[in-house]
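No lab work stands behind these numbers, since they all come straight from the coordinates. Computed from a predicted structure; not experimentally measured. With ideal geometry, Cβ positions are generated from the backbone for all residues, glycine too; neighbour counts draw on all protein chains shown.
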There are 2 protein chains.
Amino acid sequence: MTISAEKQPLNGVDTPTLFATLDAVRGQHDIAKFQFRASNEWVSGTHSRSQYSGFYGAGQEMQHAGVTVVESDHPAVLVGADNAPTPVEYLLHAIASCLTAGLANVAAARGVELHSVRSTVEGDIDLLGIFGMSDAARNGYEAIRVSFEIEGDADDETLRGLVEQSRRRSAVYDALTNPTPVSIDVVIR
Amino acid sequence: MTISAEKQPLNGVDTPTLFATLDAVRGQHDIAKFQFRASNEWVSGTHSRSQYSGFYGAGQEMQHAGVTVVESDHPAVLVGADNAPTPVEYLLHAIASCLTAGLANVAAARGVELHSVRSTVEGDIDLLGIFGMSDAARNGYEAIRVSFEIEGDADDETLRGLVEQSRRRSAVYDALTNPTPVSIDVVIR
């Protein structure tokens, strides 16, 4: 008997397949090792463009269904051409979308139907840090605040518990709140 | 006399304006306080959509030249509909584009002409963490590796020095390698 047999698809989440996938990983831990990738090309000034396509996971090379291109630039007030959002703004999308995806999965697994989930994210940054004008100001965000508005078929405590469980299992929440080793290699052509 | 009078635009960077902006911030530190924002809406399953428009900076509310919409989803192997890249893949674009924008600015400030800048970013993640199946595996990336290929009118040491200075002043590098406080607020509708 598996718990998945008792679950139905909910919130657009294929819950039986989700539980079957978790069962498969329990039986073979190696398939949980993933590697995600992006390739970036400088366009001009502070403008650059990244592309996502392949990744590694479940023991094999995989492709996304489509190729996504994303761009960053600095705004005019920071002497960019404002062709796209800043790099740091992508961190805000990352945390909102990670917590929201987790929320939908956790809600489906617990049998809670969600009607709507909206969030806003704010990140405070003192640019004295990246300008090298203050030892007190760090380069990155001083603080990030995520505010959710949720409608769903459960009481307040249950709905809040879904967000808390999503936070506890969020890859992006961990990446922002804890240190990650980042290495940088340079080849000169 | 200001150093900006000696600089010319280079690499698509308006270097005189960049130096004038730094001079302005030196004279009034408060204008360096910025707040970036995103708003996210759940679509279905693990699919959500964020929008960027306004931000606060230089003492006032500002708007980007355009509104950018970005989406995230989980791939089919992780029981998503693969409508878009995963949330964690946006972290890879963020670090590549932040380091590249800084590189172009630093190169312009130092009078180095760049011909091309390409980078690839890999992030290793063991999903046993987010699946709650291992205390040893963290939720986020175990490691991120950025690999640059650079062509420019300077010797190897000088070009490597540009990347190193960009790293030292990168907001996203700081956000990934050091902890950032993230608060989560929930309103039930």
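Among the residues of the stretch B:149-160, how many are touching a helix residue (DSSP H, G or I) at 6+ places or on another chain (Cβ under 6 Å) and at the interface with another protein chain (Cβ under 7 Å from one of its Cβ atoms)? Spell out the reasoning first.
As a first pass, look at the stretch B:149-160 and keep what is touching a helix residue (DSSP H, G or I) at 6+ places or on another chain (Cβ under 6 Å): B:150, B:152.
Filter once more, so that each one left must be at the interface with another protein chain (Cβ under 7 Å from one of its Cβ atoms): B:150.
Residues that pass the stated criteria total 1.
Looking at B:Ser72, B:Ser39, B:Ser53 in this structure, which one is of a type in the set (S, T, N, Q) and either more than 9 Å from chain A (Cβ to nearest Cβ) or over 20 Å from the mean Cα position of the chain (by Cα) (or both)? Explain how you work it out, then say what you get.
Values: B:Ser72 fails: either more than 9 Å from chain A (Cβ to nearest Cβ) or over 20 Å from the mean Cα position of the chain (by Cα) (or both); B:Ser39 fails: either more than 9 Å from chain A (Cβ to nearest Cβ) or over 20 Å from the mean Cα position of the chain (by Cα) (or both).
Within the list B:Ser72, B:Ser39, B:Ser53, the selection yields B:Ser53.
For the stretch B:44-93, which positions are without any contact (Cβ under 8 Å) to a residue 12 or more places away in the chain, outside any helix (DSSP H, G or I) and surrounded by fewer than 19 Cβ atoms within 10 Å (Cβ to Cβ)?
Listed by number, the residues that qualify are B:Gln60, B:Glu61, B:Met62, B:Gln63, B:Ala65, B:Gly66.
Kindly list the number of the only condition in (1) in a strand (DSSP E or B); (2) more than 7 Å from chain B (Cβ to nearest Cβ) that fails for A:Ile31.
Of (1) in a strand (DSSP E or B); (2) more than 7 Å from chain B (Cβ to nearest Cβ), only one is false for A:Ile31: (1).
Residues that are over 16 Å from the mean Cα position of the chain (by Cα), at negative phi and touching a residue at least 24 places away in the same chain (Cβ under 8 Å): find the strands (runs of 3 or more DSSP E) completely inside the stretch B:104-189 holding 1 or more of those. Break it down into steps so the answer makes sense when it comes.
Numbers: elements: B:114-126, B:143-152, B:182-188.
Because the criterion is at least 1 residues that are over 16 Å from the mean Cα position of the chain (by Cα), at negative phi and touching a residue at least 24 places away in the same chain (Cβ under 8 Å), the strands (runs of 3 or more DSSP E) in the stretch B:104-189 that meet it are B:114-126, B:143-152.
Which residue, of A:Leu78, A:Leu99, is under 28 Å from B:Ala108 (Cβ atoms) and either hydrophobic (A, V, I, L, M, F, W, C) or in contact with an Asp or Glu (Cβ under 8 Å, 6 or more places away or on another chain) (or both)? Steps first, answer last, please.
Working: A:Leu99 fails: under 28 Å from B:Ala108 (Cβ atoms).
Of A:Leu78, A:Leu99, the one residue that is under 28 Å from B:Ala108 (Cβ atoms) and either hydrophobic (A, V, I, L, M, F, W, C) or in contact with an Asp or Glu (Cβ under 8 Å, 6 or more places away or on another chain) (or both) is A:Leu78.
So, in the stretch A:101-113, of the ones that are crowded, with 24+ Cβ neighbours inside 10 Å and in contact with a helix residue (DSSP H, G or I) (Cβ under 8 Å, 6 or more places away or on another chain), which residue ends up nearest to the other protein chains (Cβ to nearest Cβ)?
Within the stretch A:101-113, the first condition is being crowded, with 24+ Cβ neighbours inside 10 Å, and the residues that meet it are A:101-105, A:107-108.
Next, from what is left, pick out any that are in contact with a helix residue (DSSP H, G or I) (Cβ under 8 Å, 6 or more places away or on another chain): A:101-103, A:105, A:107-108.
Working: A:Ala101: 4, A:Gly102: 8, A:Leu103: 8, A:Asn105: 7, A:Ala107: 10, A:Ala108: 8 Å.
Ranking the qualifying residues of the stretch A:101-113, first place goes to A:Ala101.
Evaluate the following for B:Thr15: is it touching a Lys or Arg at 6+ places or on another chain (Cβ under 6 Å), on the phi < 0 side of the Ramachandran plot and of a type outside the set (D, E, K, R)? Before the answer, list the steps.
On the way: touching a Lys or Arg at 6+ places or on another chain (Cβ under 6 Å): yes; on the phi < 0 side of the Ramachandran plot: yes; of a type outside the set (D, E, K, R): yes.
Yes: the conditions hold for B:Thr15.
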